[in-house]
Amino acid sequence: MGRPRGFRRFHVIVEETEVVVIGAGQAGLSSAYFLRRFGFEPVVLDAGDGAGGAWRHRSPSLTMDKVHGIFDLPGVPRDLEVDGRRPVAEVVPAYYAAYEEELALDVVRPVKVTSVRRDPDGRLVLATGAGEWSARAVVNATGTWTRPHWPYYPGAAGFEGRQLHYASYRGPEEFSGRHVIVVGGGASAMHVLSEIAGVAAGTAWVTRRLPVFRDGDFGENARREAVALVEERVRAGLPPQSVVGVTGLGYSTVVREALAKGVLNRLPMFDRVTAHGVTWPADEHSATGGFLAADTIIWATGFRSALDHLAPLRLREPGGGIKVDGTQAVNEPALQLVGYGPSASTIGANRAGRTAARNVRGYLAGRPARPAA
């Protein structure tokens, strides 16, 4: 039987266990569920001070009727009768907390893993602020939310207005009367644009690539194809691209709202940030280039995998990524990576949890992981 949920340990020196899962978001909880099904009692170390993973940090303005792709955790379906006006940051963490409670998962929080290393006996040792855990196998499910990506553009440090990443966005009210540039071509940018239009004094939408809008339902086969494209990269040891970046933008609630407000007039990426706005270089359309004044820039530019704690294992390839086959870290047989690459979105997280648990079972039984399909 697992410990009471949220149990805190502050005097652990080294605790030995069979399997540790790092992270209690969708991928981590899914992995723990399937590990339990295969006869293990995993310890789940979670850096958050409450259930919900990244969902608990989302903007209060992101309500249930604005999101697509909240998938049930395995074994315990969520309540589908939830009021669509309720914030995702309330509904999903409540569901995850109930899930942990119903399954009596051994979730220990708040515990942040700072490093993972191999000891002379071949076990993986996880260092944390609450002591160390030693495990025969580890499933890493740390996701991306804690590593917002801020792309570099010349002059950004000298911008005299406000810059924030989507991770810090908390709704449209604070942008009343401001001139806002939203950078990014994904669902996060759509969320921001759909809300600040009509509140801000002016909005502009800037992307590096032409946005691709997708008609029709994004069914299971299309999802699997998108996941497969990302899998190709991680098998080669390249940094993964987001699944959402591969799929394009569907006509979701926030996209339709932004279209209705007339704010999806995409501009190409600027080349420089100035003290009071952004500039474009001269081209065939303008001999002098262009300038757009702004007092706010919102960088809806995505996230990167939170994997710094794995650095002692020296898994980075020359291409910058970690070579992964399915969920198996190719160069570390005791390590599974879920919430990385193809499972970094809700599309692949549950399937990845099952795969990771199956691989752990095989590894601990002395069988190699099967190649990903």
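Ala127 passes every criterion in (1) under 30 Å from Ala197 (Cα atoms); (2) in contact with a Ser or Thr (Cβ under 8 Å, 6 or more places away or on another chain); (3) not acidic (Asp, Glu) apart from (1).
For region 128-162, a residue qualifies if it is outside any loop (DSSP other than H, G, I, E, B), surrounded by fewer than 17 Cβ atoms within 10 Å (Cβ to Cβ) and modelled with pLDDT of 95 or more, and the qualifying residues are Ser134, Ala156, Ala157, Gly158, Arg162.
Do the conditions hold for Pro120, that is, is it outside any strand (DSSP E or B) and more than 26 Å from the chain's Cα centre (by Cα)? It is true that Pro120 is outside any strand (DSSP E or B) and more than 26 Å from the chain's Cα centre (by Cα).
Restricting attention to region 92-102, the residues that are among the aliphatic types (A, V, I, L, M) and buried (at least 21 other Cβ atoms within 10 Å of the Cβ) add up to 1. When the residues of region 76-117 are filtered to those that are of a type in the set (Gly, Ala, Ser) and within 27 Å of Glu41 (Cα to Cα), the one that is farthest from the chain's Cα centre (by Cα) is Ala104. So, Arg235, is that one charged (D, E, K, R), touching a strand residue (DSSP E or B) at 6+ places or on another chain (Cβ under 7 Å), at pLDDT below 90 and not assigned by TED's automatic domain parsing to the domain that holds Arg162 or not? Yes. Listed by first and then second residue, the pairs linking a residue in region 248-267 that is part of a loop (DSSP other than H, G, I, E, B) to a residue that is at pLDDT below 95 and basic (Lys, Arg), with Cβ atoms under 6 Å apart and 6 or more places separating them unless they lie on different chains, are Gly248/Arg214.
Whether any residue in region 305-315 is at pLDDT 95 or above, part of a loop (DSSP other than H, G, I, E, B) and under 30 Å from Thr203 (Cβ atoms) is what I want to check. No, region 305-315 contains no residue that is at pLDDT 95 or above, part of a loop (DSSP other than H, G, I, E, B) and under 30 Å from Thr203 (Cβ atoms).
Selection of region 103-117 for residues being part of a loop (DSSP other than H, G, I, E, B) and surrounded by 15 or more Cβ atoms within 10 Å (Cβ to Cβ) yields Leu105, Arg109, Pro110, Val111, Lys112. Inclusion of Gly53 among residues that are on the phi > 0 side of the Ramachandran plot and surrounded by fewer than 20 Cβ atoms within 10 Å (Cβ to Cβ) is not warranted.
The values are calculated or read from the model by the stated rules, or taken from the named source; none is laboratory data. Quick caveat: nothing in here was measured; it's all calculated off a predicted structure. Glycine gets a Cβ as well: all are built from the backbone with ideal geometry, and neighbour counts include every protein chain shown.
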